[in-house]
Amino acid sequence: MAGDSQPKLQLLSAHIRTFPDFPKKGILFRDISPILKNPAVLTAVTDLLEEHVRKSYQQVDLIVGLDARGFLFGPLLAQRLGVGFVLIRKIGKLPGPTLSVAYELEYGLAEAEIQEDAVTAGQKVLLIDDLLATGGTLYAACQLMRKLQAEVLGCVVLIEMSDLNGADKLKPHKVFSLLQY
C-alpha cells in the first residue's frame, strides 16, 4: 500500500469490532458492521481495494463475491473498475442450473454454488470476501472457478487471520488483505 493509504487503513482498523467465542467458543469474530454504517469508512475500503487491483492487474473481467459479505464489497469494487459482479452462494439459493462444491469451515461444513453460466471459460476473475480464516470458503470458490475454466487472478479480503494459514491453502493464488491479525 502506498504511504497515503495509511490513514485509510487506520480508519478501517478502528471500525472493526472483536467478539470472542462467536459463533462458537474459541473463535475470535471480527465484525465489519461498523464499516457498513459509516459512508466515509466504506469509501476508504473501496478506495484501498481499487488502488490494489488497478496497481496489480492489467485486466480483470469479473469480481466474484462470496456469500454473504463478499456481496457487500464486491459490487462496489466492480462498479469502480467498470466490470461485472458474480455471486457464489450457499447451496440452494440460486435458480437454474448450478455447479457446487462442499468445503470445511473453521466451525463446520458447508457447500457453495454458482450458476453454470455466471462465468465464461477464460475470463479473468478476482475473488472477494470480507475475511480469510482457514481458507475453506475461498478454496471452494477457486474450485468452482476451475470447474468453469475461469482464470483466478487472486483473492482479495479485508481481514486475514494470519495465524490460521488460510493463504497457504489457496496457493498458487495470491491473497491480498487490507488488515492482518
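The values are calculated or read from the model by the stated rules, or taken from the named source; none is laboratory data. Bear in mind that the values here come from a model prediction, so they are computed numbers and not experimental data. With ideal geometry, Cβ positions are generated from the backbone for all residues, glycine too; neighbour counts draw on all protein chains shown.
Scan (1) in a loop (DSSP other than H, G, I, E, B); (2) under 19 Å from Glu160 (Cβ atoms); (3) not small (Gly, Ala, Ser) for the single condition Glu51 breaks and write down its number.
Every condition holds for Glu51 apart from (1).
Search the range 136-147 for residues that are under 18 Å from Asp61 (Cα atoms) and pair each with any residue that is among the polar types (S, T, N, Q) when their beta-carbon atoms are under 8 Å apart and the residues are at least 6 apart or on different chains.
Between residues of the range 136-147 that are under 18 Å from Asp61 (Cα atoms) and residues that are among the polar types (S, T, N, Q), the close pairs are Leu144/Ser100.
Within the range 28-48, work out how many residues are assigned to a loop (DSSP other than H, G, I, E, B) and either touching a residue at least 24 places away in the same chain (Cβ under 8 Å) or among the charged types (D, E, K, R) (or both).
Let us first name the residues in the range 28-48 that are assigned to a loop (DSSP other than H, G, I, E, B), namely 32, 37-38.
Subset that is either touching a residue at least 24 places away in the same chain (Cβ under 8 Å) or among the charged types (D, E, K, R) (or both): 32, 37.
The number of residues fulfilling the criteria is 2.
Any residue that is surrounded by fewer than 19 Cβ atoms within 10 Å (Cβ to Cβ), part of a helix (DSSP H, G or I) and touching a residue at least 24 places away in the same chain (Cβ under 8 Å) - is there at least one of those in the range 83-95?
Within the range 83-95 (the criterion being surrounded by fewer than 19 Cβ atoms within 10 Å (Cβ to Cβ), part of a helix (DSSP H, G or I) and touching a residue at least 24 places away in the same chain (Cβ under 8 Å)), the answer is no, since none of the residues qualifies.
From the list Leu76, Leu131, Leu127, pick out the single residue that is modelled with pLDDT of 95 or more, part of a helix (DSSP H, G or I), under 13 Å from the mean Cα position of the chain (by Cα) and surrounded by 18 or more Cβ atoms within 10 Å (Cβ to Cβ).
Values: Leu131 fails: part of a helix (DSSP H, G or I); Leu127 fails: part of a helix (DSSP H, G or I).
One residue alone meets the criteria, Leu76.
Among the residues of the range 88-109, are any under 17 Å from Val157 (Cβ atoms) and either at pLDDT 95 or above or among the basic types (Lys, Arg) (or both)? I'd like the intermediate steps shown before the answer.
We begin by selecting, within the range 88-109, every residue under 17 Å from Val157 (Cβ atoms); these are 88, 103, 105-106.
Restricting the remaining residues to those that are either at pLDDT 95 or above or among the basic types (Lys, Arg) (or both) gives 88.
Looking through the range 88-109, at least one residue is under 17 Å from Val157 (Cβ atoms) and either at pLDDT 95 or above or among the basic types (Lys, Arg) (or both).
Can you tell me which residues in the range 144-163 are surrounded by fewer than 17 Cβ atoms within 10 Å (Cβ to Cβ) and either in a helix (DSSP H, G or I) or of a type in the set (Val, Ile, Thr) (or both)?
Taking the range 144-163 first, the residues surrounded by fewer than 17 Cβ atoms within 10 Å (Cβ to Cβ) are 146-147, 149, 151, 162-163.
Residues satisfying the conditions are Arg146, Lys147, Ser162, Asp163.
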